[in-house]
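Below you'll find the structure, written out as structure tokens, and then a few comments.
The values are calculated or read from the model by the stated rules, or taken from the named source; none is laboratory data. It should be emphasised that the depicted structure is a prediction, and the values quoted were computed from it without experimental measurement. Note that each Cβ is placed from the backbone with ideal geometry, even for glycine, and that neighbours are counted across all protein chains shown. With ligands, DNA and RNA removed, areas are computed over all heavy atoms of the protein, side chains included. Shrake-Rupley method; radii C 1.70, N 1.55, O 1.52, S 1.80 Å.
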Amino acid sequence: MPSAFGRIAFTPGVRAFQARQGVRQRDARPDGAIDERGAGLTDVEAAFVGARDGFYQATVGENGWPYVQFRGGPPGFLRVLDARTIAYADFRGNMQYISAGNLSADGRVSLILMDYANRRRLKLFGRARLVDAGDDPALVARLEDPGYRARIERAVVISVEAFDWNCPQHITPRFTEAEFAARWESGQDLR
């Protein structure tokens, strides 16, 4: 049975391209009934999400063009609220508001969360809604990190539609200063 992720990602065009490449029979997940079991985030995904200090977010403009932006903050600024909901405090930035504008018109969003050091990648599809900071102070307080000095303009709350762990084959290891220091001190291989 296909996964919720496959239902979204494996469009007719993708399936046709897979068939032309001779890999369609290897991965028949997109066909048939949808298996929604496991569509909710588990403790494994929650721990992974909570350890990230950034992610890549794709939105869709009203003109159909995708827009990808890196969102960063202190580790854990992207929070798992429950098995189907994640959220983050949207800090004041360059004031172009492209992502926020796109999300206000079309809430579909895709996130890629990377752990370069351990060559792990989690992909998420969801539907986002924007919550102005003044409209839900309790939510903003839940997302706030008192040690991080940045102005929160809104919360971005994402209903997770599907997720998938991706192959590590072509992820080049990269390390934050903290990861490098920890590996160096422990004598771990830095390759």
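Summary table below
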read-out	value
Unmet criterion (only one of (1) open to solvent by less than 30 Å² (accessible area, probe 1.4 Å); (2) not in a helix (DSSP H, G or I)) for residue 140	(2)
Residue in region 167-189 that is assigned to a strand (DSSP E or B), within 21 Å of the chain's Cα centre (by Cα) and either under 23 Å from residue 84 (Cα atoms) or free of Cβ contacts under 8 Å to residues at least 12 places away in the same chain (or both) present	no
